[in-house]
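Q: Have a look at this one before I ask anything.
The values are calculated or read from the model by the stated rules, or taken from the named source; none is laboratory data. Predicted model only: the values in this text are computed from it and were never measured. Note: ideal-geometry Cβ built from the backbone for every residue, glycine included; neighbour counts use all protein chains shown. The area values use the complete protein model at the heavy-atom level, side chains included, leaving out ligands, DNA and RNA. Shrake-Rupley method; radii C 1.70, N 1.55, O 1.52, S 1.80 Å.
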Amino acid sequence: MGNLIAKIVSTGAYLPEKILSNKDLESMVDTSDEWITTRTGIKTRHIAESTQSTSDLGVLAAKKALERSGLKKEEIQAIIVATITPDMLFPSTACFIQKKLGLMHIPCMDISAACTGYIYALILASQLIKSSAFKNILVIAAEKMSAITDWQDRSTCVRFGDGAGAAVVSSQRGDMEIGEFFIGADARFTDILNIPAGGSFCPATEDTVKKRLHYIKMTGQEVFKNAVRYMYESAEKVLKKSGLRVEEIDCLLPHQANIRIISAVAKRLNIKEENIYLNVQKCGNMSAASSSVGLDSILSEKKDVKNILMVAFGAGLTYGALILKRINREK
Ligand code: UT7
């Protein structure tokens, strides 16, 4: 029991078809392709249909991961979903996904850790597996950021996109071990990135809607500074814990908020540019889904990748890092 290893068996991802370019945004708010590109690195982002909810995006990613896992759906014993754009405040988005996938009677839960959500969720799944409570868990990070974005606010609307990624985590199969991790949160900063209204603190009223308080509010520069600091510190801590040298990391998978944040963190860590995974240019910031979509691309495209260092930060502020290590293929 103490020797169980939690591994990623398979992954899947889904990006909505519709693409919103910087040029498109120029006709919506007072911005320019040049400003968005130089300040964030973003060129395009995917936007879900109005009829698609977060669970729909999650289901499309999960179906691919399940198909590739070779497991029967009855073998999945729990669903964990990382999201800050749930279908409803309750029930959990994981419950909606259970229904749509027809995975009846297994436990379902959501994790609200914003952009660090996928790292939190993978760690939770790995610990549940290592405790031998479960054998196979479906982990999803799905976000419909377009639903909580104020399309009249140029300081935020140019940044976000929609998408979903999923992984099957198991003690039985797989060759990518969920290894050492470090997670934390600095709740002194709950007010620099949030949605002020619509929860129990400030329930939605006509007035809150008029004041657009049901959309994302962000103090960009404060978030930026803390993002660099906490991503770097989290990565350093997890490297130390794992005993891996930075040269042994052949892929850095950072949260994709801003290319300038990623460059600053990579530079401080001394990670070569060619070893950094990026999707921010094409997908914008998809919150927790940035990492889940990223992990799916890495594992599908870079078959020889050995050690992946995931690192993220998000509203809360939450932060964390996780090492994924290739182990000898089993049966
Ligand atoms: O997943 C976590 C999510 N959040 C983040 O990671 C955010 C981290 N922060 C950032 O990425 C950056 O702070 C931003 C990209 C949000 C902003 O970049 P910045 O270099 O910090 O710009 P700023 O907020 O200091 O704004 C500079 C100027 C301002 O004009 P003034 O006051 O100097 O005249 C803004 O009004 O740029 C203006 N501005 C824009 N101009 C054109 C803000 N948004 C836009 C825009 N287009 N979209």
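Q: Would you please name the residue that is farthest from L25 (Cα to Cα), looking only at residues in the range 278-303 that are hydroxyl-bearing (S, T, Y) and away from the ligand (no atom under 16 Å from the Cβ)?
A: Kept after step one, since they are hydroxyl-bearing (S, T, Y), are these residues of the range 278-303: 287, 290-292, 297, 300.
If we keep only those that are away from the ligand (no atom under 16 Å from the Cβ) as well, we get 297, 300.
Details: S297: 27, S300: 31 Å.
Within the range 278-303, the match that is farthest from L25 (Cα to Cα) is S300.
Q: Which residue out of K282, K302, K240, K325 is farther than 24 Å from I195 by Cβ and under 17 Å from the mean Cα position of the chain (by Cα)? Write out each step before concluding.
A: Numbers: K302 fails: under 17 Å from the mean Cα position of the chain (by Cα); K240 fails: under 17 Å from the mean Cα position of the chain (by Cα); K325 fails: under 17 Å from the mean Cα position of the chain (by Cα).
Result of the check over K282, K302, K240, K325: K282.
Q: Going through the range 123-145 one residue at a time, which ones are part of a helix (DSSP H, G or I) and surrounded by fewer than 24 Cβ atoms within 10 Å (Cβ to Cβ)?
A: I123, L124, Q127, L128, K130
Q: Across the range 258-268, what is the total count of residues that are open to solvent by 10 Å² or more (accessible area, probe 1.4 Å), more than 10 Å from the ligand (Cβ to nearest atom) and not hydroxyl-bearing (S, T, Y)?
A: 3
Q: Mind telling me which of the residues E34, E17 ends up being within 16 Å of the ligand (Cβ to nearest atom) and either surrounded by 22 or more Cβ atoms within 10 Å (Cβ to Cβ) or on the phi < 0 side of the Ramachandran plot (or both)?
A: E34
Q: Can I ask one more? Report the residue count in the range 155-201 for those that are among the hydrophobic types (A, V, I, L, M, F, W, C), within 16 Å of the ligand (Cβ to nearest atom) and either modelled with pLDDT under 95 or open to solvent by less than 50 Å² (accessible area, probe 1.4 Å) (or both).
A: Residues flagged as among the hydrophobic types (A, V, I, L, M, F, W, C), within 16 Å of the ligand (Cβ to nearest atom) and either modelled with pLDDT under 95 or open to solvent by less than 50 Å² (accessible area, probe 1.4 Å) (or both) within the range 155-201 amount to 6.
Q: When residues of the range 184-222 are filtered for being assigned to a helix (DSSP H, G or I) and of a type in the set (V, I, T), how many remain? Outline the logic, then answer.
A: Applying the first criterion (assigned to a helix (DSSP H, G or I)) to the range 184-222 yields 187-189, 206-210, 220-222.
Still in the running and of a type in the set (V, I, T): 208-209.
The total comes to 2.
Q: I've got another one for you. Which one is nearest to the chain's Cα centre (by Cα), of the residues in the range 305-322 that are under 22 Å from N194 (Cα atoms) and in a loop (DSSP other than H, G, I, E, B)?
A: Looking at the filtered set, the residue picked out is A315.
Q: Quick one: which helices (runs of 4 or more DSSP H) lie wholly within the range 3-72 and hold at least 1 residues that are over 29 Å from V223 (Cβ atoms) and without any contact (Cβ under 8 Å) to a residue 60 or more places away in the chain? Can you show your working first?
A: Values: elements: 22-26, 33-40, 54-69.
Once the helices (runs of 4 or more DSSP H) in the range 3-72 are filtered for at least 1 residues that are over 29 Å from V223 (Cβ atoms) and without any contact (Cβ under 8 Å) to a residue 60 or more places away in the chain, what remains is 54-69.
Q: What are the residues in the range 39-56 that are touching a Lys or Arg at 6+ places or on another chain (Cβ under 9 Å) and open to solvent by 80 Å² or more (accessible area, probe 1.4 Å), if any?
A: R39, K43, E49, listed by residue number.
Q: Of the residues C95, C115, which single one is within 16 Å of the ligand (Cβ to nearest atom), of a type outside the set (S, T, Y) and either part of a helix (DSSP H, G or I) or open to solvent by 30 Å² or more (accessible area, probe 1.4 Å) (or both)? Spell out the reasoning first.
A: On the way: C95 fails: within 16 Å of the ligand (Cβ to nearest atom).
Checking each option against the conditions leaves just C115.
Q: Just to verify a result, which residue in the range 304-321, among those that are more than 16 Å from the ligand (Cβ to nearest atom) and open to solvent by 10 Å² or more (accessible area, probe 1.4 Å), is nearest to E233 (Cα to Cα)?
A: Let us first name the residues in the range 304-321 that are more than 16 Å from the ligand (Cβ to nearest atom), namely 304-309.
Imposing the further condition that a residue be open to solvent by 10 Å² or more (accessible area, probe 1.4 Å) reduces the set to 304, 306-307.
On the way: D304: 27, K306: 22, N307: 19 Å.
Applying the filter and picking the extreme gives N307.
Q: Follow-up question, since we're still on this one. Within the range 199-212, does at least one residue satisfy the condition of being in contact with a helix residue (DSSP H, G or I) (Cβ under 8 Å, 6 or more places away or on another chain) and either touching a residue at least 24 places away in the same chain (Cβ under 8 Å) or under 17 Å from I261 (Cβ atoms) (or both)? Talk me through it step by step, then tell me what you get.
A: Going through the range 199-212, the residues in contact with a helix residue (DSSP H, G or I) (Cβ under 8 Å, 6 or more places away or on another chain) turn out to be 202.
Filter once more, so that each one left must be either touching a residue at least 24 places away in the same chain (Cβ under 8 Å) or under 17 Å from I261 (Cβ atoms) (or both): none.
No; the residues of the range 199-212 include none that is in contact with a helix residue (DSSP H, G or I) (Cβ under 8 Å, 6 or more places away or on another chain) and either touching a residue at least 24 places away in the same chain (Cβ under 8 Å) or under 17 Å from I261 (Cβ atoms) (or both).
Q: Another question, then. Only residues that are touching a residue at least 40 places away in the same chain (Cβ under 8 Å) and either in contact with an Asp or Glu (Cβ under 7 Å, 6 or more places away or on another chain) or open to solvent by 10 Å² or more (accessible area, probe 1.4 Å) (or both): list them for the range 286-303, please.
A: First, the residues of the range 286-303 that are touching a residue at least 40 places away in the same chain (Cβ under 8 Å): 286-300, 302.
Matches in the range 286-303: M286, S287, A288, A289, D296, S297, L299, S300, K302.
Q: Considering each residue of the range 227-257, count those that are more than 16 Å from the ligand (Cβ to nearest atom) and not in a helix (DSSP H, G or I), and give that number.
A: Residues in the range 227-257 being more than 16 Å from the ligand (Cβ to nearest atom) and not in a helix (DSSP H, G or I): 7 in total.
Q: Return the pairs, sorted by first residue and then second, in which the second residue is within 16 Å of the ligand (Cβ to nearest atom), the first residue lies in the range 246-266 and is modelled with pLDDT under 95, the beta carbons are less than 9 Å apart, and the residues are 6+ apart or on different chains.
A: none
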